[in-house]
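Presented below is the structure to which this report refers.
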Amino acid sequence: MMVWVRGRFRRLLFELDPTSIAFISIPLIIFLFFLIYPLSEMLVIAFTKDGNPSLSWFMDIFTSRFYIDPIGQGAILEYSPDYNLLYIQGRDHGVILNSLIVAASVSGIAGLFGLLVAFILARYEFPGKSLFRVLSMTPLLLSPFVNVFVVKKLFEPFGLLNWLLHEVLRALPFRVYFDGLAAVILVQSLTFYPIVVLNTYSALVNMDPTMEEQGENLGAKGLGLFLRVTLPLSLPGLLAGSLLVFIFSLEDLGAPIVFHGHPLARKLISFQVYSRFISETGVRSPEIAALSLILLACAIAVFIAIKNYVMLRPYATVSRGGRWKPRLRRLGPAGLAAVYLILPLLVFSSLPQLGVVALAFSERWAGLLPEGLTTWNLIQIFVNPRVSRFLINSLTYALISLVIIISLSLMASYTASRMRFRGASLIDALITSPIAIPGIAIAISYFYFFSNHFRGTPVDPINVLQFNPAPILVLGYSLRRMPFAARAIFAGLQQVHVNLEEAAMNLGAGRLRTIARVTAPLISLNILSGALTSFVYVVGEVSLSIIIGVLNMEYAPMTAYMRDVWLSAVGSLQIAAALGLLLMLMQLSVILITTVGLKQRYAFMGV
Amino acid sequence: MVEVRLERVTKRFGRVVAVDEVTLSIRDGELFTLLGPSGCGKTTVLRIIAGLELPDSGRVYFGDRDVTFMKAYERRAVMVFQNYALWPHMKIYDNVAFGLRLMRLGRGEISKRVREALEMVRLEGFEDRYPNQLSGGEQQRVALARALAVEPEVLLLDEPLSNLDAKLRVEMREELRRLQKEFKITSIYVTHDQEEALSISDRVAVMNRGRIHQVGTPLEVYEEPIDPFVASFIGRASTIYGIMTGVEEGLAVVDSGGMRFKGRLLEKVPEGSRVVAIFRPEDFTFGQEAEGLNMFEGVVDTVIFLGAHFHIRVQVDGVELLARVEPRMVPEKGSKIKLSIDPDQVKVLPTPNKS
Ligand SMILES: Nc1ncnc2c1ncn2[C@@H]1O[C@H](COP(=O)(O)OP(=O)(O)OP(=O)(O)O)[C@@H](O)[C@H]1O
Ligand SMILES: [Mg+2]
């Protein structure tokens, strides 16, 4: 027995050295301490009342019709003959069920539409395909809040779409008005469906074409072939995409905040957590912890339920082994007609981004379209210190987060791909886990964590007058956006033959030197693209920014300014749009640099 | 400059036993070759010696030092990788200088030794190129220079010449042999080319499926293979299974179906045991009828042109014999032929236990 233990120990020592110990322990400690621990602590808070273990917060929630109302109230649609208006708002089933219904509908709609678009892109060749492709990716350009606002304007009873469909084309006999839950579903579906497209597309093009050919050989054709062969094989991608959409929908604050004028849009878990949190001061009610926990539990439950089919990745996988010649076919007239019928839908789903651009260059948006061409808004971002401050804060946080993101993901990915002991891949799983954890849950758990353990310090969020959110934001941003860089770096490491590193060690270089001189230079492009991508997503981050960041506006990031336009009626809509435009431009340049300049994949994700 | 010993070293990858209870002793300054078919575990043995792989059991010694658990970068056992493993982002100069810089040598010393190493492999003037601007053979030689430059205690060569053309390969292996003797570097050379193994090694170990079958000088493994695997892997051989029916004048009498012949017993076996006889193609003579020779008569089945000579396959009583023929006496395919072999050249071994 002793001999065996000693043997195991020496084997372990053989793998370990100061560098590898640091590479394993630093990410592990940071994630345990700043992700797992705060979330667990929030769990404890939610299950405690007056210092004793208690289910009462949850009992209150689950017994209240405000939260759960299986019967439901109100009508999904209402027709008002006076105004010749079809009013679509959705039924109220209580906060929790509403959130689940919305998330399920959004992932269902996004799943179906995304599958359709991905299938067309992956299997057919037709004139205008590149336009089709670009349009289908446009909604991924980040412009928090403003994009939702654009949809809201477009769908107003006397907005552009009603004018077009009802007055000009006369395709609709009445005007349509989306609001409440229906509006949230609409906006989120429009914004998130490309995530399904990406994941499904990569599953489709990475599929061995002989599989489909085999199916054809056995007599399957058309829809039969699609249902029996193609769909099952692309299911992991489709499910992964839909799962991400489900989680993003659950944690989304953008749509509920912009539509919060309608009471139903406020009856969502995310908005409830948020508005409760903002309206209270000092020590927040444990009910907020309980609600955040429910949000987290929903996300994790769905994740676990379909985890067997899904490898959750922030972006499409690079195909293993040889690339096959994809099965691309020309479309017949009927097919072409179908594709060109979908095209307007894609244009439509890109309207929010176009609208943001238009709004950024306009003075007002009162009628059908933004009016009054101006560059004043854009100039304000840079010259008006009350706006530029937010931009500078955001960029600073993003730069600091970047350093943390790159170092930690390098360490963790290296451990996962190079170290030979059980549990090495656990570290990889740990640093990619934030993708399945709602940002709201992280933000709320940080509030409790820092106010409990750092009482009276500048990072104590209750200590309002001296509070500096910067360290918390940087930390939270880093953890939330780690998966992007980690995936890019991991992919890079897999392409570097281990022999190259072994040759260096073999010549006497220790692990750190080997990594510095051989590994890191060889994956520098992956590191760079991971860094640029996470930078953009840090700047566009919403949940932490508007939960923790706004506690001291002096240090708030730019998404906090963008939120204020809707919640506090401070600031200008057009300037928010200009900030959105800036963010989209940053993202576009990063996409161009990584895909064209660095020949890397760009990792997409929602807000 | 050091003796290398492996004691009962075993390494498994999942179910595959890549190295199976290998015990080897490589003498100080010796050029030792591991010879065996693809996938038999040669590279794994080298990686264990280099410290890139930890054996599941067994020990590795450099001299008296137990280095089993010593890390790769603490050993001075330098490997030339089968796939070269040149760093694509470094120029040839920096590739070769890498190990020297780690030794904290002066700048002048480094550039002198890089130049010398590149000269040894005949790549003077390639310093400023990147590996992808070199041919496969040139890259292989850079890998060799990179290892030689640091004057290692143990040099591990994993098929270092496999990508060179025939002529350069012969030149390089002679050069390698010369350098190895000059610097007295204990070297372990991996190849599956038996000609290469026989021509440069002090000693050869023949491996198959993770096991060492025989260790000996090239002549020993050629002349006295201890089992059919070694016999057929070193040089060409026909192996014929049969029963030893007796001993006459010190020679074993073997019965194999319709065939009866005599041969030299390499290992004592009781009468009636199953044996295997090994015939080398070059030991056959034709048309010769003398007392004491084994005589066979058969039909030529195949004629194989090998450049300087031919091989023919002859069917004798349902058994196939491979024989070497000079170009001017190549028989017709399908013709009848008589061939004979001196019983002293026929090696008779007990049949190995099937494992
Ligand atoms: N890292 C590994 N994981 C799993 N199996 C391995 C690994 N390395 C080697 N093997 C297996 O171990 C066996 C021995 O491999 P090894 O590379 O030592 O063979 P080799 O004699 O060098 O072959 P070759 O002449 O083709 O280079 C093979 O069956 C191989 O598939
Ligand atoms: Mg090998």
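The values are calculated or read from the model by the stated rules, or taken from the named source; none is laboratory data. Quick caveat: nothing in here was measured; it's all calculated off a predicted structure. Please note: Cβ atoms are built from the backbone with ideal geometry, for glycine as well, and neighbour counts cover all protein chains shown. Side chains included, ligands, DNA and RNA excluded: accessible areas come from the protein's heavy atoms. Shrake-Rupley method; radii C 1.70, N 1.55, O 1.52, S 1.80 Å.
Checking the stated criteria, A:His497 turns out to be out of contact with any Cys (no Cβ under 7 Å at 6 or more places or on another chain), within 14 Å of chain B (Cβ to nearest Cβ) and open to solvent by 20 Å² or more (accessible area, probe 1.4 Å).
Among the residues examined, B:Val204 qualifies as away from chain A (no Cβ under 14 Å), within 16 Å of ligand 1 (Cβ to nearest atom) and either closer than 30 Å to B:Phe233 by Cα or crowded, with 19+ Cβ neighbours inside 10 Å (or both).
Taken as a whole, the stretch A:225-244 holds no residue that is open to solvent by less than 20 Å² (accessible area, probe 1.4 Å), at pLDDT 85 or above, under 30 Å from A:Leu551 (Cα atoms) and outside any helix (DSSP H, G or I). With respect to (1) more than 14 Å from chain A (Cβ to nearest Cβ); (2) away from ligand 2 (no atom under 16 Å from the Cβ); (3) open to solvent by less than 40 Å² (accessible area, probe 1.4 Å); (4) in contact with a helix residue (DSSP H, G or I) (Cβ under 8 Å, 6 or more places away or on another chain), the lone exception for B:Thr191 is condition (2).
Among the numbered conditions (1) closer than 30 Å to A:Ser409 by Cα; (2) away from chain B (no Cβ under 14 Å); (3) open to solvent by less than 70 Å² (accessible area, probe 1.4 Å), the only one that A:Leu32 does not meet is (3). Would you check which residues across the stretch B:326-355 are open to solvent by less than 60 Å² (accessible area, probe 1.4 Å) and in contact with a helix residue (DSSP H, G or I) (Cβ under 9 Å, 6 or more places away or on another chain) and list them? If the condition is that a residue be open to solvent by less than 60 Å² (accessible area, probe 1.4 Å) and in contact with a helix residue (DSSP H, G or I) (Cβ under 9 Å, 6 or more places away or on another chain), then B:Ile341, B:Val346, B:Lys347, B:Leu349, B:Thr351 are the ones that fit.
Taking the options B:Gly216, B:Gly235, name whichever one is under 30 Å from B:Arg27 (Cβ atoms), open to solvent by less than 60 Å² (accessible area, probe 1.4 Å) and in contact (Cβ under 8 Å) with a residue 40 or more places away in the chain. It would help to see each step written out before you state the result.
Working: B:Gly216 fails: in contact (Cβ under 8 Å) with a residue 40 or more places away in the chain.
Exactly one of B:Gly216, B:Gly235 is under 30 Å from B:Arg27 (Cβ atoms), open to solvent by less than 60 Å² (accessible area, probe 1.4 Å) and in contact (Cβ under 8 Å) with a residue 40 or more places away in the chain, namely B:Gly235.
Just to be sure before I move on: is B:Leu35 modelled with pLDDT under 95, within 16 Å of ligand 2 (Cβ to nearest atom) and over 23 Å from A:Glu15 (Cα atoms) in the structure I sent? It is true that B:Leu35 is modelled with pLDDT under 95, within 16 Å of ligand 2 (Cβ to nearest atom) and over 23 Å from A:Glu15 (Cα atoms). The condition (being touching a residue at least 24 places away in the same chain (Cβ under 8 Å), more than 9 Å from chain A (Cβ to nearest Cβ) and more than 16 Å from ligand 1 (Cβ to nearest atom)) is satisfied by just one residue among B:Arg65, B:Arg129, B:Arg107: B:Arg129. Scanning for something more than 16 Å from ligand 2 (Cβ to nearest atom) and either open to solvent by 40 Å² or more (accessible area, probe 1.4 Å) or not in a helix (DSSP H, G or I) (or both), does the stretch B:42-51 turn up at least one residue? Taking every residue of the stretch B:42-51 in turn, at least one turns out to be more than 16 Å from ligand 2 (Cβ to nearest atom) and either open to solvent by 40 Å² or more (accessible area, probe 1.4 Å) or not in a helix (DSSP H, G or I) (or both).
So which of A:Phe248, A:Phe271 is of a type in the set (Phe, Trp, Tyr) and touching a Pro at 6+ places or on another chain (Cβ under 6 Å)? Working first, answer last.
Working: A:Phe248 fails: touching a Pro at 6+ places or on another chain (Cβ under 6 Å).
After applying the criteria, what remains is A:Phe271.
A count restricted to the stretch A:61-81 and to residues that are within 31 Å of the chain's Cα centre (by Cα) and of a type in the set (D, E, K, R) stands at 2.
The single condition from (1) closer than 22 Å to A:Leu354 by Cβ; (2) open to solvent by less than 10 Å² (accessible area, probe 1.4 Å) that A:Ile185 fails is (2).
A single entry from B:Val142, B:Val114 fulfils the requirement of being within 14 Å of chain A (Cβ to nearest Cβ), away from ligand 2 (no atom under 16 Å from the Cβ), among the aliphatic types (A, V, I, L, M) and within 28 Å of the chain's Cα centre (by Cα): B:Val142. Scanning the stretch B:87-96 for residues that are within 12 Å of chain A (Cβ to nearest Cβ), surrounded by fewer than 23 Cβ atoms within 10 Å (Cβ to Cβ) and not acidic (Asp, Glu) yields a count of 4.
Among the candidates A:Thr48, A:Thr19, A:Thr63, which residue alone is exposed (fewer than 12 other Cβ atoms within 10 Å of the Cβ), hydroxyl-bearing (Ser, Thr, Tyr) and on the phi < 0 side of the Ramachandran plot?
A:Thr63
In the stretch B:151-164, the residues that are within 12 Å of another protein chain (Cβ to nearest Cβ) and open to solvent by less than 10 Å² (accessible area, probe 1.4 Å) form Cβ pairs under 6 Å with partners that are of a type in the set (S, T, N, Q) and within 12 Å of ligand 1 (Cβ to nearest atom), at six or more places apart or across chains, as follows: B:Asp158/B:Thr43; B:Asp158/B:Gln82. Selection over the stretch A:554-570 of residues that are in contact with a helix residue (DSSP H, G or I) (Cβ under 7 Å, 6 or more places away or on another chain) and free of Cβ contacts under 8 Å to residues at least 60 places away in the same chain gives a count of 1.
Could you say which residue among B:Met70, B:Met79 is within 14 Å of chain A (Cβ to nearest Cβ), away from ligand 1 (no atom under 16 Å from the Cβ) and within 26 Å of A:Leu500 (Cβ to Cβ)? Walk me through it before giving the result.
Values: B:Met79 fails: away from ligand 1 (no atom under 16 Å from the Cβ).
Residue meeting the stated conditions: B:Met70.
Residue-level analysis places B:Arg169 outside the set of residues that are open to solvent by 50 Å² or more (accessible area, probe 1.4 Å), touching a helix residue (DSSP H, G or I) at 6+ places or on another chain (Cβ under 7 Å) and more than 16 Å from ligand 2 (Cβ to nearest atom).
For residues in the stretch A:508-535 being away from chain B (no Cβ under 13 Å) and β-branched (Val, Ile, Thr), which is least open to solvent (accessible area, probe 1.4 Å)?
The first filter runs over the stretch A:508-535 and keeps only residues away from chain B (no Cβ under 13 Å), leaving A:526-535.
The next check asks that each one be β-branched (Val, Ile, Thr); those that pass are A:527, A:533.
On the way: A:Ile527: 32, A:Thr533: 4 Å².
My answer is A:Thr533.
Examine the stretch B:162-169 for a residue that is at pLDDT 85 or above, under 30 Å from B:Val275 (Cβ atoms) and away from ligand 1 (no atom under 16 Å from the Cβ), and state whether such a residue exists. Looking through the stretch B:162-169, none of the residues is at pLDDT 85 or above, under 30 Å from B:Val275 (Cβ atoms) and away from ligand 1 (no atom under 16 Å from the Cβ). For the stretch B:267-289, the set of residues classified as open to solvent by less than 50 Å² (accessible area, probe 1.4 Å) and either of a type in the set (D, E, K, R) or in contact (Cβ under 8 Å) with a residue 60 or more places away in the chain (or both) consists of B:Val269, B:Ser273, B:Val275, B:Val276, B:Ala277, B:Ile278, B:Phe279, B:Arg280, B:Asp283, listed by residue number. Taken as a whole, the structure places B:Gly99 among residues that are open to solvent by less than 10 Å² (accessible area, probe 1.4 Å), without any contact (Cβ under 8 Å) to a residue 60 or more places away in the chain, away from ligand 1 (no atom under 16 Å from the Cβ) and not hydrophobic (A, V, I, L, M, F, W, C).
The set of residues in the stretch B:4-16 that are more than 16 Å from ligand 2 (Cβ to nearest atom), at pLDDT 95 or above and open to solvent by less than 90 Å² (accessible area, probe 1.4 Å) comprises B:Val4, B:Arg5, B:Leu6, B:Glu7, B:Val9, B:Thr10.
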